[in-house]
Amino acid sequence: MTGRFRRISHDLNDKTERHYQVVFYLVFTLLGQYIQSEVKSANGRADAVVQTPDSVFVFEFKLHGTAKEALAQIDEKGYLIPYQASGKKLVKVGVEFDQSKKNIGRWLVGEGA
């Protein structure tokens, strides 16, 4: 995805985390994946959840933070808990955006408990 976000017109980028979240939603939807945004739990909202037949991917996005902080938030807020009984592989994905480059800065992946 290197450089893909920066191709979006400056006029369309509102410089918020939500902008990137919408782009992710559209990409996964166009790829035919089931994606939910702002998935509520007892302690907060996961930015995105993608479910496949075998796995559940919980995404947390950070525009003014790090991918490591995003992974920690998934754990601290218990975003994976609702999917533990599914029998699927649980994967957490922390994504940090680099606003100056208008792109993904870094992402980290971890397995859920």
Query raised in the report: Given the pairs K62/K88; K68/K88; K68/K92, which span a C-alpha to C-alpha distance of over 20 angstrom in this model?
Result: K62/K88; K68/K88
Requested in this report: Hey, could you grab the Kirkwood Rh for the stretch 31-102? Inverse mean 1/r over distinct alpha carbon pairs, Å, one decimal.
Outcome: 12.6 Å
Query raised in the report: Once phi is turned into θ = phi - 60°, what whole-Hz ³J(HN,Hα) does the Karplus curve with 6.51, -1.76 and 1.60 give for every residue of the stretch 91-98, x standing for Gly and Pro?
Result: 10, 10, 10, x, 10, 10, 9, 9
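Each reported figure results from applying straightforward, stated rules to the coordinates on display, with no laboratory input. Computed from a prediction, not measured in an experiment: that's the story for all the values here.
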